[in-house]
Amino acid sequence: MRIEAIRGDLTAQDVDVVVNAANSSLLGGGGVDGALHAAAGPALLTECRRVRRDEWPDGLPVGEAVATGAGRLPARWVVHTVGPNARAGERDPALLASCFTRSLDVAAGLGASSVAFPAVSAGVYGWPMAQVADVAVAAVRGWQPPEPGQRPALVRFVLFSPDALAEFTRALGA
């Protein structure tokens with residue numbers, strides 16, 4: 001599995017799966033969540049409402065992940081994960097790591113060969129970018145697929161700023 005970090009726009013990634021840093025409602029929000037919903041169009045919100053109705057009526061828990069279609073995005077699927085909110089006292093690195101590993105579990109179950117992640121919890125949720133980079137890279141490197149042969153060929157961290165890219169590049173040892 002190749003792991004890379006780039007500066008770019010998550011909504012424009014031509015990959016099988018883009019991961020959404022969602023809130024537990026799955027009904028859109030700001031930052032990455034808002035950008036993905038805006039770019040995907042109304043089909044994404046419709047699918048998220050179905051997930052809430054049929055699978056997660058009380059909202060998606062922190063560290064969990066679920067897939068929907070991707071609407072108008074170039075990706076085939078969106079895997080939504082809820083990162084821990086450091087500003088609300090959720091500072092357990094294991095919960096943050098779970099966002100990445102559970103997202104990979106879901107992506108592998110879809111048969112995805114390429115996955116693009118944002119820096120989950122580094123924005124409005126207040127986690128330091130360096131810590132997110134360290135946890136994310138370690139989680140992806142240590143992840144084991146649920147079934148042999150389900151490992152994506154590519155995991156890409158797509159970062160919005162030069163500083164975020166620098167932290168992920170450092171964590172990758174590149």
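Rule-based calculations on the coordinates, nothing more; no lab input. Note that this is a predicted model, so its numbers are computed, not measured. We place every Cβ from the backbone using ideal geometry, glycine too, and count neighbours over all the protein chains shown.
For the reader, a short list of remarks on this structure follows.
- Positive dipole terminus of the chain, leading residue within Leu154, Gly8, Ala138 (C-beta point charges): Gly8
- Taken about its Cα centre, the range 23-174 carries a charge dipole of about 300 debye when Lys and Arg each add +1 at the Cβ and Asp and Glu each add -1 at the Cβ.
- Value of [θ]222 nm, deg cm²/dmol, for the chain, DSSP H segments ≥ 4, -39500 (n - 2.57) each, nearest 500: -12000 deg cm²/dmol
- Inter-part distance, the range 117-174 to the range 46-60, computed on C-alpha centroids, equals 26 Å.
- Karplus (6.51, -1.76, 1.60) ³J(HN,Hα), θ = phi - 60°, over the range 24-35, in Hz, Gly and Pro reported as x: 5, 6, 6, 9, x, x, x, x, 4, 4, x, 5
- A simple rule links phi to the HN-Hα coupling: the Karplus curve 6.51 cos²θ - 1.76 cosθ + 1.60 with θ = phi - 60°, which for the range 36-46 gives 5, 4, 5, 6, 6, x, x, 4, 5, 4, 4 Hz, with x for Gly and Pro.
- Prolate/oblate/rounded call for the range 72-174, Cα gyration tensor, a/c under 1.5 rounded: prolate
- From the coordinates shown, Kirkwood radius over Cα pairs in Å corresponds to which of (1) 16.5; (2) 15.6; (3) 17.0: (2)
- Our coupling estimate for the range 104-117, obtained by passing each phi through the Karplus curve with A = 6.51, B = -1.76, C = 1.60 and θ = phi - 60°, is 5, 4, 5, 4, 4, x, 7, x, 5, 9, 8, 9, 10, 10 Hz, Gly and Pro reported as x.
- Summing Lys and Arg as +1 and Asp and Glu as -1 over all other residues whose Cβ lies under 13 Å from the Cβ of Arg170 gives a net charge of -3.
- Percentage relative contact order, the range 1-77, counting C-alpha pairs under 8 Å, at least six apart: 38
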